[in-house]
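Inspection log for the structure reproduced underneath, given as structure tokens.
The values are calculated or read from the model by the stated rules, or taken from the named source; none is laboratory data. Note that the structure is predicted; figures quoted are calculated from it, not measured. Cβ atoms come from the backbone with ideal geometry, glycine included; neighbour counts cover every protein chain shown. Heads up: the accessible areas ignore ligands, DNA and RNA and are worked out on the full protein's heavy atoms, side chains in. Shrake-Rupley method; radii C 1.70, N 1.55, O 1.52, S 1.80 Å.
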Amino acid sequence: MYIKELMQIISGELLTNKIPDLSVKVQNVYICDLLSWVMSHAQKGDAWITVLTNVNVPAVALMTEVACVIIPEAIKAEELTLKKANENGIIIIGTQLNSFEISRRIIDSKLLS
Amino acid sequence: MSTIKLKYDIPANDFVAAGEASSNVKKKLAQIGIAADKIKKAAIAMYEAEINAVIHANGGTADVEICLDRVVIAIIDNGPGIPDLELAMTEGYSTASDNIREMGFGAGMGLPNMKKYADKLDINTEVGIGTKVTITVYFI
């Protein structure tokens, strides 16, 4: 599914400035809040759900080449994090939903390739 | 292609700067057309080593050499050294403080991740002197 479709499904709000590449597709979902674990296991094209909002999040997203970061449960992202994400073309989406509800909606959409 | 040499400072307690060197190397490797899976291996291993230098050793330096067939990344610090390297290599073992854990690090996976992603990993460490981590990723 495309990022815009994902945002619609999870009632998401784009926290970073823009979607640098509209053709980017989300292929899977990965949920974890331990950064080294994420670096060891997240795959390119994942939508990564994390409650972490510090400046290391965009760095890890960049290294793992995830399609986007989703911050659940209306957690506020730090300004520095969004700034660094914007500089590196990382997409961060915020939503009111929790991680399980995000996953359920994505699965129910049947849009994952 | 001649060898490309890059040098970075890794400032102490600066997590913003810590990602800069690895992402810069990542971009450099992409520019010269290295395969994406090799870039990912090098970038993740280097990022883990940088973060370790920031967390444990008051920063350090990164020396990167990109050759035709490999990238060699040396992260050098003047930190406390690793008293028991075998123990430090154990997945889940960490000496990171609570505030580091709150940032999402300190899971005891930094060194195991370096081992996982590097094709060759050399660690020279001496207590009270410092640590040199050398990561090699082959392109072919």
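On the basis of being away from chain A (no Cβ under 12 Å), closer than 22 Å to B:Pro11 by Cβ and in contact with a strand residue (DSSP E or B) (Cβ under 7 Å, 6 or more places away or on another chain), does B:Gly81 make the cut?
yes
For A:Tyr2, are the conditions met, namely being among the aromatic types (Phe, Trp, Tyr), more than 10 Å from chain B (Cβ to nearest Cβ), open to solvent by 20 Å² or more (accessible area, probe 1.4 Å) and within 27 Å of B:Met109 (Cβ to Cβ)?
So A:Tyr2 does not fit the description; no.
Tally time: how many residues in the stretch A:65-79 are within 8 Å of another protein chain (Cβ to nearest Cβ) and crowded, with 23+ Cβ neighbours inside 10 Å?
Summing the residues that are within 8 Å of another protein chain (Cβ to nearest Cβ) and crowded, with 23+ Cβ neighbours inside 10 Å in the stretch A:65-79 gives 0.
Considering the stretch A:80-93 alone, what residues qualify as being open to solvent by 10 Å² or more (accessible area, probe 1.4 Å) and either of a type in the set (S, T, N, Q) or in contact with a Gly (Cβ under 7 Å, 6 or more places away or on another chain) (or both)?
A:Asn86, A:Asn88, listed by residue number.
Evaluate the following for B:Ile75: is it under 19 Å from B:Asp119 (Cα atoms), in contact with a helix residue (DSSP H, G or I) (Cβ under 7 Å, 6 or more places away or on another chain) and of a type outside the set (Phe, Trp, Tyr)?
yes
Select from the stretch B:71-86 the residues that are assigned to a strand (DSSP E or B) and of a type in the set (A, V, I, L, M) and write down the one among them that is surrounded by the fewest Cβ atoms within 10 Å (Cβ to Cβ).
Selected residue: B:Val72.
Could you figure out which of (1) touching a residue at least 40 places away in the same chain (Cβ under 8 Å); (2) within 14 Å of chain A (Cβ to nearest Cβ); (3) open to solvent by 50 Å² or more (accessible area, probe 1.4 Å) isn't true of B:Asn99?
Looking at each condition in turn, B:Asn99 falls short on (1).
Within the set of pairs 6 or more residues apart or between chains, which connect a residue that is facing another protein chain (nearest Cβ under 8 Å) inside the stretch A:32-53 to a residue that is buried (at least 24 other Cβ atoms within 10 Å of the Cβ) and among the aromatic types (Phe, Trp, Tyr) with Cβ atoms less than 6 Å apart?
A:Leu35/B:Phe105
Name the residue that is nearest to A:Ala61 (Cα to Cα), counting only residues in the stretch B:11-50 that are modelled with pLDDT of 95 or more and touching a Gly at 6+ places or on another chain (Cβ under 7 Å).
For the stretch B:11-50, the residue satisfying everything is B:Tyr47.
Just need a number here: residues in the stretch A:26-46 that are in contact with a helix residue (DSSP H, G or I) (Cβ under 8 Å, 6 or more places away or on another chain) and not hydrophobic (A, V, I, L, M, F, W, C).
Counting residues in the stretch A:26-46 that are in contact with a helix residue (DSSP H, G or I) (Cβ under 8 Å, 6 or more places away or on another chain) and not hydrophobic (A, V, I, L, M, F, W, C) gives 6.
Looking only at the stretch B:86-96, count every residue that is within 11 Å of chain A (Cβ to nearest Cβ) and more than 17 Å from the chain's Cα centre (by Cα) and tell me the total.
Count: 1.
Identify the residue in the stretch A:65-88 that is aliphatic (A, V, I, L, M) and assigned to a helix (DSSP H, G or I) and, among all such residues, is farthest from A:Asn17 (Cα to Cα).
A:Leu80
Can you tell which of B:Ser94, B:Ser22 is open to solvent by less than 40 Å² (accessible area, probe 1.4 Å), assigned to a loop (DSSP other than H, G, I, E, B) and out of contact with any His (no Cβ under 8 Å at 6 or more places or on another chain)?
B:Ser94
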